[in-house]
Amino acid sequence: MAQAQQRGAVIGFLSSRSPDESKHLLGAFHKGLSDAGFVEGTNVTVEYRWALGEYEKLPALAADLVRQNVAVIAALGGDVSARAAEQATSTIPIVFGAGSDVVKAGLVKSLGKPEGNATGFTLLTNDLEPKRLGLLHDLLPKAEVVGVLYDPNFHPAADQLVALEKAAETIALQLDVLRAGNDDDLNAGLQLLRNHHVSALLLTAAPYFDTRRGRIIEFAAENKIPAIYQFREYAVDGGLISYGPRITDSYQQAGVYVGRILKGAKPGDLPVLQPTNFDFVINLKTAKALGLTIPPGLISFADEVIE
């Protein structure tokens, strides 16, 4: 957009995800901006850069936003976006969205006092893999082999797998671990899951998978594989069950933080936020299609049941 057409400060929006499947997240982000007094096209302009699940594009997209001299960068869609933004600039304020321990990842000095030019939120979703595996075991206590799809290009993947392997040992589950970091690998991995006749599927948390959400849900339905996912959106779109933080709350808060920074707040003084709401969602329509009976205990534990 030409400078003459811009209204107010310019925000850079950097995401590893895609705009089509992120509409509800964008809505939440803009709600947060509005809460802080900023409306796109009125007193602020937003420059969007989407990697479409291809993380290798993020450094160039982040560098482009820096060249645009944006006032602040909202680096959302996981640790990969946050890292790309922080590597691109040490001066432009950054509001990130991550899924892991951001102190351990080196994104901030501490949660309460991030220091530097970056703050934001962590969903902790990468740490919830053992919990999701346990829920899958509660649903299918006789299952012996659970397929695990993970994204090797996603920085927290190694920690995710270690946590899952430890959790599987405690409940005597065998994991069939398959990598899928691009579309070719995803197609191959899904074919292997079909050939291996796994009892169930755990999809690890990764932005790439979010951009291919429909494809993965469709595969599980076609092959009658019970599966668990990280966000509510999967269950709403036809996935069997999901457990994870309420991501829209975090995107809204990111919008608020961007607005506060535009008003003069320093990112290093804004504490990194953590989720307060975790949703366990069951899609009973999908369970019926799979021929599954959900145990009453799980239904009573659910925050939302889709009928």
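The values are calculated or read from the model by the stated rules, or taken from the named source; none is laboratory data. In this text the structure is predicted, and so the values were computed from the model without any measurement. In this analysis, Cβ positions are derived from the backbone assuming ideal geometry, glycine residues included, and neighbour counts consider all displayed protein chains. Heads up: the accessible areas ignore ligands, DNA and RNA and are worked out on the full protein's heavy atoms, side chains in. Shrake-Rupley method; radii C 1.70, N 1.55, O 1.52, S 1.80 Å.
If you scale each eigenvalue of the Cα gyration tensor by 5 and take the root, what three semi-axes come out for region 146-287, rounded to whole angstrom and sorted largest first?
Listed largest to smallest, the semi-axes of region 146-287 are 31, 17, 15 Å.
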Amide H neighbours of V44 under 5 Å, counting only residues 5+ apart in sequence or on other chains, H built in-plane at 1.01 Å? V39
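Can you tell me the dipole magnitude for the chain around its Cα centre, using point charges on the Cβ only (Lys, Arg +1; Asp, Glu -1), in Debye to the nearest 20? Numbers along the way, then the final one.
Details: 28 positive and 35 negative charges, 118 e Å.
Charge dipole, the chain, about its Cα centre: 560 debye, nearest 20.
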Quick one: what are the phi-derived ³J(HN,Hα) couplings along region 300-307, Karplus 6.51/-1.76/1.60 with θ = phi - 60°, whole Hz, x for glycine and proline? 5, 7, 5, 7, 8, 10, 9, 10
Which semi-axes, in whole Å and largest first, does the equivalent ellipsoid of the chain have when worked out from the alpha carbon gyration tensor as the square roots of 5 times its eigenvalues? 36, 19, 18
Normalising by the residue count of the chain, find the relative contact order in percent from Cα pairs under 8 Å and 6+ residues apart. 21
Classify region 1-125 as rounded, prolate or oblate from the Cα gyration tensor: take a ≥ b ≥ c as the square roots of its eigenvalues, call it rounded if a/c is under 1.5, otherwise prolate when a/b beats b/c and oblate if not. rounded
Would you mind checking the pairs K142/K166; K104/K166; K104/K142; K131/K224; K31/K224 and listing those with alpha carbons more than 27 angstrom apart? K104/K142; K31/K224
Along region 278-292, what does the Karplus equation 6.51 cos²θ - 1.76 cosθ + 1.60 (θ = phi - 60°) give for ³J(HN,Hα), rounded to whole Hz, x for Gly and Pro? 10, 10, 9, 10, 10, 9, 5, 4, 5, 4, 4, 5, 7, x, 9
In the chain, taking the dipole from +1 charges on Lys and Arg beta carbons and -1 charges on Asp and Glu beta carbons about the Cα centre, the listed residue (A71, L140, I217) farthest towards the positive end is A71
Taking amide hydrogens as modeled 1.01 Å from N in the peptide plane, which residues meet the under 5 Å criterion relative to A200, leaving out close sequence neighbours? G147
Go ahead and estimate [θ] at 222 nm for the chain from helices alone: -39,500 (n - 2.57) per DSSP H run with n ≥ 4, summed, over the residue count, rounded to 500. -11500 deg cm²/dmol
Cα pairs beyond 13 Å in region 235-307, in percent, come to 71
Dividing the surface of the Cα convex hull of region 110-173 by four yields a projected area in nm² of 5.8
Report, in listed order, any pair from K23/K288; K23/K263; K23/K57; K57/K266 with a Cα-Cα distance greater than 24 Å. K23/K288; K23/K263; K57/K266
Could you give me the ³J(HN,Hα) list for region 236-251, computed from phi with Karplus coefficients 6.51, -1.76, 1.60 and θ = phi - 60°, whole Hz, x at Gly and Pro? 4, 7, x, x, 6, 9, 9, 9, x, x, 7, 5, 5, 4, 5, 5
How far is the Cα center of region 236-287 from the Cα center of region 175-226, in Å? 24
How would S110, S34 line up by accessible area, probe 1.4 Å, largest first? S34, S110
Going by amide H atoms built from the backbone, whose H comes under 5 Å of the H on L123, apart from near neighbours? A98, G99, S100
Reported to two decimal places, what Rg/Rh ratio describes region 65-180 when computed on Cα atoms with Rh from the Kirkwood expression? 1.10
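All other residues with a Cβ under 10 Å from the Cβ of T204 taken together, and with Lys, Arg as +1 and Asp, Glu as -1, what is their net charge?
-1
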Dividing the mean separation of Cα pairs under 8 Å (6+ apart) by the residue count of region 147-284 yields a relative contact order in percent of 21
Ignoring ligands, DNA and RNA, please state the percent of accessible area on region 1-99 from carbon and sulfur, probe 1.4 Å. 51
Geometric extent, Cα atoms of region 12-71 - Rg, Dmax (angstrom): 12.3, 34
Please give the per residue accessible area of region 137-222, computed with a probe of 1.4 Å over protein heavy atoms only, in Å². 46
Tally Lys and Arg at +1 and Asp and Glu at -1 over the other residues with C-beta under 13 Å from the C-beta of F280: what net charge comes out? 0
Rounded to the nearest 5, what % of the DSSP beta bridges within region 132-263 are antiparallel ones? 0
Taking every alpha carbon pair in region 161-207, what does the distance histogram look like in 5 angstrom bins from 0, in percent? 5, 17, 29, 24, 17, 7, 1
Using +1 at the C-beta of Lys and Arg and -1 at the C-beta of Asp and Glu, which of I241, Q87, P114 has the Cα lying farthest in the positive direction of the dipole of the chain? P114
